[in-house]
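The values are calculated or read from the model by the stated rules, or taken from the named source; none is laboratory data. Keep in mind it's a predicted model, so treat the numbers as computed, not measured. Virtual Cβ from ideal backbone geometry, glycine too; neighbours counted across all protein chains shown.
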Amino acid sequence: MDQLSQILQNLSFNANVFFSGNLCGIQSLGGANSKKGHLHLLKSGVLTLVCEEGHKVTLDKPSVIFIPGPSKHQVIASESTQAELVCADIDFHSGSGSALINALPKLICLDLEENDPLATTAHWLFKEAFTSQVGQQIIVNKLGDIFLVQILRHILKNGLVIQGMLAGMAHPQLSKVMVAIQDKPEEPWTVDSMAETALMSRAKFAALFKSTVGQSPNDYLTDLRIALAQGLLVKDLPVSLVANKVGYEHGSALARVFRKKIGISPKEWLSKFKK
């Protein structure tokens, strides 16, 4: 399985289109109370985006803006510019979503005219978003999911990630370890066994992993196990069984790690997730 598929197979995410049409005025999005990223696809007209971090871009051709995290920003268009666009929330549901977000640039702008695969999907998305047909919302949201994967593919292919999960998956030795622990999280992994899988010394592996991924091997393993546990919990599997599947002897051990990392128990998390 390729690197991006390995990352996404255990990551629950979706793109939910909440606006399509002509924008006039200022729309404020993101911020401290939000946990979602955003996609903005400009079909035609002129659009200005201003981020809380100080980024400001003005687009006047078909383009996509991808903001992976819950960054506060504004999209601005005047009546005269006739900005026609599609906007979507990006929701990374599982715990590993934060690791992926941290691995990505804060703001990504791509010219659709220079990216054929993205342009093809965007054209289909625009066509569905701006016409009323049976099943429209489902198709638009699924196209949003596909579009997001294509953007992540573009980021990985063009080396736009310096540190993080994607950088680790792009490293030939580290990727062996990351794939192995994703495939068999129930194994009693240690830094020594991970280093052995990477065919490296313990010290060299630990230092390289931390500098590349931004976490120690053990912290990454814990976050991955929690993410996998969340994916199993939403299938209504017993906590004890989930614990065994992700590398913990019993449910109470998983609950302790859950509380330490997330602040609530697995059952409390599941209850909030299903609201």
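Take the residues in the stretch 244-266 that are among the basic types (K, R) and either surrounded by 14 or more Cβ atoms within 10 Å (Cβ to Cβ) or at pLDDT below 90 (or both); name whichever of them is farthest from W189 (Cα to Cα).
Just the residues of the stretch 244-266 that are among the basic types (K, R), to begin with: 245, 256, 259-261.
The next check asks that each one be either surrounded by 14 or more Cβ atoms within 10 Å (Cβ to Cβ) or at pLDDT below 90 (or both); those that pass are 245, 259-261.
On the way: K245: 13, R259: 21, K260: 20, K261: 19 Å.
Of everything passing the filter in the stretch 244-266, R259 is farthest from W189 (Cα to Cα).
Residue count for the stretch 223-236 under the criterion of being in a helix (DSSP H, G or I) and over 20 Å from M178 (Cα atoms): the result is 1. Can you tell me which of V191, V177, V134, V149 is among the aliphatic types (A, V, I, L, M), in contact with a Pro (Cβ under 9 Å, 6 or more places away or on another chain) and surrounded by fewer than 17 Cβ atoms within 10 Å (Cβ to Cβ)? Of the residues listed, the single one that is among the aliphatic types (A, V, I, L, M), in contact with a Pro (Cβ under 9 Å, 6 or more places away or on another chain) and surrounded by fewer than 17 Cβ atoms within 10 Å (Cβ to Cβ) is V191. Only residues that are among the aliphatic types (A, V, I, L, M) and within 19 Å of R256 (Cβ to Cβ) were counted in the stretch 185-236, giving 8.
The set of residues in the stretch 109-162 that are among the β-branched types (V, I, T), touching a residue at least 40 places away in the same chain (Cβ under 8 Å) and not in a loop (DSSP other than H, G, I, E, B) comprises V140, V149, I151, I155. Of all residues in the stretch 47-87, those satisfying the criterion of being touching an Asp or Glu at 6+ places or on another chain (Cβ under 7 Å) and either at pLDDT 90 or above or on the phi > 0 side of the Ramachandran plot (or both) are K61, P62, S63, H73. A count restricted to the stretch 76-93 and to residues that are over 22 Å from W124 (Cβ atoms) and outside any loop (DSSP other than H, G, I, E, B) stands at 3. Of the residues making up the stretch 237-257, not a single one is under 19 Å from G164 (Cα atoms), in contact with a helix residue (DSSP H, G or I) (Cβ under 7 Å, 6 or more places away or on another chain) and either not in a helix (DSSP H, G or I) or not hydrophobic (A, V, I, L, M, F, W, C) (or both). Restricting attention to the stretch 221-243, the residues that are out of contact with any Leu (no Cβ under 9 Å at 6 or more places or on another chain) and modelled with pLDDT of 90 or more total 4. Pairs are defined by a Cβ separation below 6 Å, a sequence spacing of at least 6 or placement on different chains, a first member in the stretch 181-193 that is in the same structural domain as K245 (by TED's automatic domain parsing), and a second member that is surrounded by 15 or more Cβ atoms within 10 Å (Cβ to Cβ) and in a loop (DSSP other than H, G, I, E, B); the pairs so defined are I181/W189; P185/V246; P185/G247; E186/G247.
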